[in-house]
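What follows is a short report on a single structure.
Nothing in this text is a laboratory measurement; each read-out follows from the coordinates by a stated rule. Owing to the predicted nature of the structure, the values given are computational and were not obtained by experimental measurement. A quick note on method: Cβ atoms are made from the backbone with ideal geometry, for glycine too, and the neighbour counts reach across all protein chains shown.
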Amino acid sequence: MVSEEHRRVLDPARDAAALKALTHPLRIRLLGLLRQDGPATASELGVRTGESSASTSYHLRVLAKYAFVVEAEHRDGRERRWQTVHSLTAWSNESMESSPDSRALLSLSRRVQMEHLETSLLQHEADMAAGRLAQEWVEPSGISDLMPRLTPESLTELWEVFGRKLEELTARDAADPRARQVVLLMAGLALAPRDPGAERDVPGPTTPTTTPPTHPDAEAEAEGDTGTGTGTGTGTGTDTGTGNAS
């Protein structure tokens, strides 16, 4: 779990300019890459994102202006390297509803997290196929899709219990050489009751472009829990939904 000194808590009233700086999708992505993979130059980040080094350099300077990144130790004197100041950016969802800019960031960050989950799934599958991860990771790795009925208080408690347990396990595994970076994305989104015959008022999910592999338990999995993995935002390094995050 992220300690307080590595967590930056943003308040829309106090940090409006910093929040606005994060409303650009590329800046969130650059911040996430630096948090996940460590220090890098604008050119290296340009290769990873498909952007020009001029573009990534500009957006890194904006992130530096608002104290999200700083210069890291240089390998040589040719190009500056950047590193993040904090490993997590947090806020209160309730306070983020106070202005259009903060609401836009909240929505954008959630969508970037979903994109990060898809990228991480592809990377996990590639790592397993190439033998870069041991077979002991096959069983515990997965994605869970559940729809329990909870009160706001119970959902808040769930976030808090998960955070405490994650902190405990992270500390326990800190010195274990078998430990690996694990992408955890936990979502808790309440939905209002709907008339079964009513037309959807939001677009449905797009159909995947890839064909899922055949699995003997595919029908059973489609009816409920499809794995064992859950968690909170990682690649973008944002932590929301607990109310007391800020």
Item to check | Qualifying chymotrypsin sites (Phe, Trp or Tyr not before Pro) in the stretch 67-160, DSSP loop, other Cβ atoms within 10 Å at most 14 | outcome: none
Next on the checklist: Give me a comma-separated list of calculated 3J(HN,Hα) values for the stretch 158-165, in order, Karplus coefficients 6.51, -1.76, 1.60 applied at θ = phi - 60°, integers in Hz, x for any Gly or Pro.
Outcome noted: 4, 4, 5, 5, 4, x, 5, 5
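Dividing the Cα convex hull volume of the stretch 26-172 by residue count, how many Å³ per residue is that?
In the stretch 26-172, the Cα convex hull volume per residue is 176 Å³.
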Item to check | Distant-in-sequence amide H partners of Ser92 (H built 1.01 Å from N, under 5 Å) | outcome: Ser246
Item to check | Stretchable slack from Asp11 to Arg80, in nm (0.36 nm times residue separation minus alpha-carbon distance) | outcome: 21.8 nm
Item to check | Amide H within-cut-off set for Val69, under 5 Å, with H built and near neighbours excluded | outcome: Ala64, Val85
Checklist entry - Applying the Karplus parametrisation 6.51 cos²θ - 1.76 cosθ + 1.60 with θ = phi - 60° to the phi angles of the stretch 180-196, what ³J(HN,Hα) value in whole Hz is obtained for each residue in order, glycine and proline being reported as x? => result 10, 5, 10, 7, 10, 10, 10, 10, x, 10, 6, 10, 6, x, 10, 5, x
Checklist entry - Taking the Cα centre of the stretch 12-60 as the origin, how large is its charge dipole in debye, to the nearest 20, when only Lys and Arg (+1) and Asp and Glu (-1) carry charge on their Cβ atoms? => result 180
Checklist outcome for this item: If amide H atoms are modeled at 1.01 Å from N in the peptide plane, then the residues at a separation of 5 or more from Thr41, or on another chain, having amide H under 5 Å from its own are Trp82
